[in-house]
Every structure is written in structure tokens, then in C-alpha cells.
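Below is one structure, written out as C-alpha cells, with a few remarks after it.
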Amino acid sequence: MSRLYGDKENISSKKIKDFFDKRAEIDVEYLLSITEYSDAENSKQRHLKESEILLNELDFENKKVLEIGCGTGRWAEVLHDKVKEYNGIDYSKNLIKIANENYNYPNCHFQELSAMDINEKILITDGPFDILLITGVLLYINDEDIRKIVKEASKLIKEDAVIFIKEPLSNMENRLTLKDFYSESLENDYNAIYRTPEELLELFKDIKNISNVKMGDMYNELNEREETGYKYFVIE
């Protein structure tokens, strides 16, 4: 329906959940294409580049990791032989099913759980966590909900924890919101919020003891769009 430039418009979490449940049922050549929306080769190249950056930026050795929005569970494959424990949550039951079917490691756990409901009593893995991963998820969450999630998640991580975020963001001066926007490539309505880097970091400002924030570009050479591009953040 709409491409909104600059306006702060909420999107429907239910529609997004339904979208991903349906995406999990499609037949793809490469598993990551379910959530990356690209062909197998492009999805593989993105994953390799992202993995390289992630492992270069963070020390996972014997660490406890919490991932919000784990999708198909790809980071368990990369991290299972390094971390002490990994707990990935996602509110799509179909994506969690895929994760459990493909990444059955004893120190890795997947959990059907909305980020809005996250708390220490309900998580499979006990905290506190050394590392918090949020990759390609925040564009599907409204501003106020992100603030609530950050507040609750900050209670589950150590004071010296590291937060790694990868996010598609607006390349323009203002945010771009897609609201019930029909995507021909996805053959479905699509909802997402592409914030500016400044807007994204503003949502994390209430985390205590932040000593450093690093921002970098993420596989822009593989990006297929002009208005948006991928960046990563390391918040210490």
C-alpha cells in the first residue's frame, strides 16, 4: 500500500509473524534464502561476509550467547564449536522448527518466543549472557517495542557484555517505512522500517555502562537496493 518517507508509522507485528511463518514453508535451494530473500549464491556470499565480520569483531570462546530473532538458526552452525551455550529465540514457530531440524547441537537451544516476552524465567538457557546478537530483526519491530525489548534484554546480559547488531538501514536522511507494500519478488505484502543509523542507536541509549560503539558497512557490494543498505554495530 505505502512507501512512507520520514513518517513514524507503526507496522503490524501479527502481519510480520504471518509473513515469516509462510516464508518458512516455501521450497528454497539454500536455507538462508528464506529470510534473506535472495538467490542461493547471493545469500551464501552475504552469510560468508557477515560471518567473517562477526568472528573478527567478537570473541565467542566459551561465551554464553543470546540471539533475538534467530530465524532458521544459522548462527548455531557458525558458533556451536566456540561458545559455551547459545540460546536463539524467534516468534515464528515454523522458523524454530527449521532451526531444530537442521542444527541439533547439545549446547545450542532454539525457543519459540516473542522478543516482547523475553525474561530470565522463561529462557531455556540461564543468564547472564556475554553476547547479545540481533541481526536483521529490528526493522520488523516498532520503536516503542524495541525500547521495551532493550530494557528487558539488558537485564539478561553482563555489565561488560557485547551487543552485535546487523540491520538494513535507510541510506537517506530520513527513515523509510514499507506498510502493506506489495513486493513482486516476494509475491506478498511486506512491512518493514528502515531507520537511519542515528535513529537506531537512539533506541539503545538507555543501556547502562556503554563504553564504545563501532559502526561499519556490511556487504554493500552485494546490496541490490539504492535507498537502503546494511550496517553493523558493536556496542560495548
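The values are calculated or read from the model by the stated rules, or taken from the named source; none is laboratory data. Source: prediction; values computed, not measured. Because the Cβ atoms are built from the backbone with ideal geometry, glycine has one as well, and the counts that use them run over all protein chains shown. What goes into the accessible areas is simple: the full protein's heavy atoms, side chains included, and nothing from ligands, DNA or RNA. Shrake-Rupley method; radii C 1.70, N 1.55, O 1.52, S 1.80 Å.
Going by what's in this entry, would L169 be described as open to solvent by less than 80 Å² (accessible area, probe 1.4 Å) and in a strand (DSSP E or B)? Yes: the conditions hold for L169.
Could you pull out the residue among Y190, Y232, Y182 that is surrounded by fewer than 17 Cβ atoms within 10 Å (Cβ to Cβ), assigned to a strand (DSSP E or B) and among the hydroxyl-bearing types (S, T, Y)? Criteria check complete, one pass: Y182. Scanning the stretch 1-12 for residues that are at pLDDT below 95 and polar (S, T, N, Q) yields a single hit, S2.
For the subset of the stretch 1-23 comprising residues that are in a loop (DSSP other than H, G, I, E, B) and open to solvent by 20 Å² or more (accessible area, probe 1.4 Å), which member is farthest from G136 (Cα to Cα)? Here the residue is M1. Could you tell me whether any residue of the stretch 143-162 is free of Cβ contacts under 8 Å to residues at least 12 places away in the same chain, under 18 Å from the mean Cα position of the chain (by Cα) and surrounded by fewer than 13 Cβ atoms within 10 Å (Cβ to Cβ)? Within the stretch 143-162, one or more residues are free of Cβ contacts under 8 Å to residues at least 12 places away in the same chain, under 18 Å from the mean Cα position of the chain (by Cα) and surrounded by fewer than 13 Cβ atoms within 10 Å (Cβ to Cβ).
Each residue in the stretch 200-214 was checked for being more than 16 Å from the chain's Cα centre (by Cα), without any contact (Cβ under 8 Å) to a residue 40 or more places away in the chain and surrounded by 11 or more Cβ atoms within 10 Å (Cβ to Cβ), and 3 of them qualify. Annotation note: of K208, K214, the sole residue that is more than 23 Å from D39 (Cβ to Cβ) and in contact with a helix residue (DSSP H, G or I) (Cβ under 8 Å, 6 or more places away or on another chain) is K214.
Residues of the stretch 183-199 that are closer than 20 Å to K14 by Cα and either among the β-branched types (V, I, T) or free of Cβ contacts under 8 Å to residues at least 12 places away in the same chain (or both): S183, E187, I193. Considering the conditions (1) over 30 Å from S12 (Cα atoms); (2) touching a residue at least 60 places away in the same chain (Cβ under 8 Å); (3) touching a strand residue (DSSP E or B) at 6+ places or on another chain (Cβ under 8 Å), K93 is excluded by exactly one of them, (1). Of the residues making up the stretch 50-71, just one is on the phi > 0 side of the Ramachandran plot and more than 15 Å from the chain's Cα centre (by Cα), namely N62. Only a single item in (1) assigned to a loop (DSSP other than H, G, I, E, B); (2) of a type in the set (D, E, K, R); (3) open to solvent by less than 60 Å² (accessible area, probe 1.4 Å) is not met by D27, and it is number (3).
Those strands (runs of 3 or more DSSP E) of the stretch 30-138 in which 2 or more residues are surrounded by fewer than 20 Cβ atoms within 10 Å (Cβ to Cβ) occupy 108-112.
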